[in-house]
1. Report those helices (runs of 4 or more DSSP H) wholly inside the stretch 24-137 carrying at least 1 residues which are of a type in the set (S, T, N, Q) and surrounded by fewer than 19 Cβ atoms within 10 Å (Cβ to Cβ).
2. Is it true that some residue in the stretch 2-21 is within 16 Å of the ligand (Cβ to nearest atom), touching a Pro at 6+ places or on another chain (Cβ under 6 Å) and of a type outside the set (Val, Ile, Thr)?
3. Pick from the stretch 25-72 the residues that are in contact with a Ser or Thr (Cβ under 7 Å, 6 or more places away or on another chain) and of a type in the set (A, V, I, L, M): which of them is nearest to the ligand (Cβ to nearest atom)?
4. Quick one: Val14 ticks every box in (1) in contact with a Leu (Cβ under 7 Å, 6 or more places away or on another chain); (2) closer than 30 Å to Ile129 by Cα except a single one, so which number is it?
Amino acid sequence: MVTLKVADILAESVVDGLGIRTVVFFQGCPRHCQGCHNATLIPFEGGTEYYPEELAEQIIAKMTPIHRGITFSGGDPLAQADGLLDLVYLLRKAKPDLNIWLYTGYLFEEVKDLPVVKAVNVMVDGPFILAQRDINLPFKGSGNQRVIDIPATMQNNKVVELKL
Ligand code: SF4
């Protein structure tokens with residue numbers, strides 16, 4: 001059965017998407033962006049392995065009525081896309097209106113056909129590029145990255161960035 005490698009689960013954050021959010025940091029990323037904000041999460045070794053059911057329970061237990069949603073960060077959550085899809089399915093079953101953000105180093109165009117990409121609300125895409133670093137950008141580290149409204153993008157068949 002598929003498992004997911006997770007470095008940490010943060011109960012509350014206001015910098016990883018709109019509103020108060022629970023954040024899951026996945027262990028492992030295939031990229032080595034210069035200046036990576038979470039370099040200790042690049043190796044695929046380490047972290048804690050969870051079955052999707054266990055992880056879904058732990059995430060839901062950390063959420064309160066004031067939470068706006070959850071965010072998948074890392075590492076790169078899409079390096080574990082199959083397990084992530086199972087997790088999203090379980091979370092949506094428990095909380096149908098759950099707002100889900102996904103951070104990934106992949107471009108939307110590279111992963112748009114993955115079922116898990118279609119199942120989230122927002123995807124912040126692209127690698128971190130040190131030369132385009134800008135600390136004033138909301139919810140992203142470098143100017144090349146996009147905060148993509150996934151339902152609107154799917155509906156319009158072209159990338160629609162979230163209005164922030
Ligand atoms: S994609 Fe993100 S987690 Fe992966 S190396 Fe680049 S900045 Fe770090």
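What follows draws every value from the coordinates through simple rules; no lab data is involved. Treat the numbers as computed from the prediction; the structure is a model and nothing was measured. All Cβ positions, glycine included, derive from the backbone under ideal geometry; neighbour counts span all protein chains shown.
1. Correct list: 52-62.
2. Looking for residues that are within 16 Å of the ligand (Cβ to nearest atom), touching a Pro at 6+ places or on another chain (Cβ under 6 Å) and of a type outside the set (Val, Ile, Thr), one finds none in the stretch 2-21, hence no.
3. Ile70
4. (1)
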